[in-house]
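Scroll down for the structure; my scribbles are underneath it.
The values are calculated or read from the model by the stated rules, or taken from the named source; none is laboratory data. A quick note: this is a predicted structure, and the numbers were derived from the prediction, not measured. When we count neighbours, we look across all protein chains shown, and the Cβ atoms used for this are built from the backbone with ideal geometry, even at glycine.
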């Protein structure tokens, strides 16, 4: 049986460097998200008498609160999934941002 001449760690170094992604600045990402909300999401919800408030961004988790008619609507979760999350996924496909409702 032949022994490997190179240790495994050394042979994986070039691959590991490629896998490390440049960190995303949270405040820059939040600014971009707020712009998407202002241009796409808020007008869509306002047309039905509702609204949305961004509570915060922690890592890749965006916390929002539905307001107005959307806050008491039984279809709020559908608005979150098919309205808000779909728009965020459309604009930021590589970021994998998850939108959740505030408690």
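Does residue 43 count as modelled with pLDDT under 95 and surrounded by fewer than 16 Cβ atoms within 10 Å (Cβ to Cβ)?
Considered against the rule, which asks whether it is modelled with pLDDT under 95 and surrounded by fewer than 16 Cβ atoms within 10 Å (Cβ to Cβ), residue 43 comes out as no.
Can you find a residue that is in contact (Cβ under 8 Å) with a residue 12 or more places away in the chain, touching a strand residue (DSSP E or B) at 6+ places or on another chain (Cβ under 9 Å) and in a strand (DSSP E or B) anywhere in the range 89-98? Break it down into steps so the answer makes sense when it comes.
The first filter runs over the range 89-98 and keeps only residues in contact (Cβ under 8 Å) with a residue 12 or more places away in the chain, leaving 91-92, 95-98.
Still in the running and touching a strand residue (DSSP E or B) at 6+ places or on another chain (Cβ under 9 Å): 97-98.
Imposing the further condition that a residue be in a strand (DSSP E or B) reduces the set to 98.
Yes: the range 89-98 contains one or more residues that are in contact (Cβ under 8 Å) with a residue 12 or more places away in the chain, touching a strand residue (DSSP E or B) at 6+ places or on another chain (Cβ under 9 Å) and in a strand (DSSP E or B).
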